[in-house]
1. Say whether the condition of being under 11 Å from the mean Cα position of the chain (by Cα) and either at pLDDT below 90 or buried (at least 20 other Cβ atoms within 10 Å of the Cβ) (or both) is met by at least one residue in the range 124-132.
2. Say we look at the range 156-174 and pick out the residues that are surrounded by fewer than 19 Cβ atoms within 10 Å (Cβ to Cβ) and among the β-branched types (V, I, T); which of these is modelled with the highest pLDDT?
3. Hey, does the range 134-150 have a residue that's surrounded by 14 or more Cβ atoms within 10 Å (Cβ to Cβ), at pLDDT below 90, among the polar types (S, T, N, Q) and under 29 Å from V63 (Cα atoms)?
4. Restricting attention to the range 95-118, which residues are in contact with a helix residue (DSSP H, G or I) (Cβ under 6 Å, 6 or more places away or on another chain) and of a type outside the set (G, A, S)?
5. Of A78, A82, A56, which residue is in contact (Cβ under 8 Å) with a residue 40 or more places away in the chain and out of contact with any His (no Cβ under 9 Å at 6 or more places or on another chain)?
Amino acid sequence: MTFQGSGPGEGVERSPDPRKSRPPLSPPPSGGGWYERFKAQFLEMLGRHDEPEKVAASFAIGVAIAFTPLLGFHWIMAFFAAILLKLNKLDVFLGTLVVNPLTLGPVSAVALPLGRLIVRARQEAVTLMPWGDLLRPAAWAQAAPAMRTMGIQWAIGMFALSILFGALTYLTLVRVLRNRRARAAVIPPDFAD
């Protein structure tokens, strides 16, 4: 497609706007219950007209960000990652919700021993903590080295989980989305409702 105009770049070929070339958004189903309407709108939000690789990458980047130890910065990181990588922002933000206040405890319980295993440390940091004296200021000075060690082990474990779960999310989701698209392509449009 060439555009005529005056000035520099006259007659330059430009690619069409990708938003105009994608299929139109389908209206939510009129029949059925609230679940069918919610499912259709949710799939529309997730970019069901995008390529499976892009949707899976968007969600997987969000999951990988969620497992990083940089608590409080996940949404900022997700926003900039989505812009830099040109991913679906909503999918990236939804991926960051995997690790939340309800799941942080169990995730940390896995991350700490994993980090300890990666750095090949012993469990001395936990056993040397003065747990009974944590309300006294002098105990914090005594516990600082042990807490620092535990924090480093936890952060290393969280980064390892970030890489692992980000990759697993991508591989699983791209396969699921490709299979879903393949099944949808087999169904004639008359029977798709």
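The values are calculated or read from the model by the stated rules, or taken from the named source; none is laboratory data. Predicted model only: the values in this text are computed from it and were never measured. We place every Cβ from the backbone using ideal geometry, glycine too, and count neighbours over all the protein chains shown.
1. If we filter the range 124-132 for residues that are under 11 Å from the mean Cα position of the chain (by Cα), which is where we start, we get none.
For the range 124-132, residues under 11 Å from the mean Cα position of the chain (by Cα) and either at pLDDT below 90 or buried (at least 20 other Cβ atoms within 10 Å of the Cβ) (or both): absent.
2. Looking at residues that are surrounded by fewer than 19 Cβ atoms within 10 Å (Cβ to Cβ) and among the β-branched types (V, I, T), I get I163.
3. Within the range 134-150 (the criterion being surrounded by 14 or more Cβ atoms within 10 Å (Cβ to Cβ), at pLDDT below 90, among the polar types (S, T, N, Q) and under 29 Å from V63 (Cα atoms)), the answer is yes, since at least one residue qualifies.
4. Within the range 95-118, T96, V98, V99, L112, L114, R116, I118 meet the criteria.
5. Values: A78 fails: in contact (Cβ under 8 Å) with a residue 40 or more places away in the chain; A82 fails: in contact (Cβ under 8 Å) with a residue 40 or more places away in the chain.
Sole residue among the options that is in contact (Cβ under 8 Å) with a residue 40 or more places away in the chain and out of contact with any His (no Cβ under 9 Å at 6 or more places or on another chain): A56.
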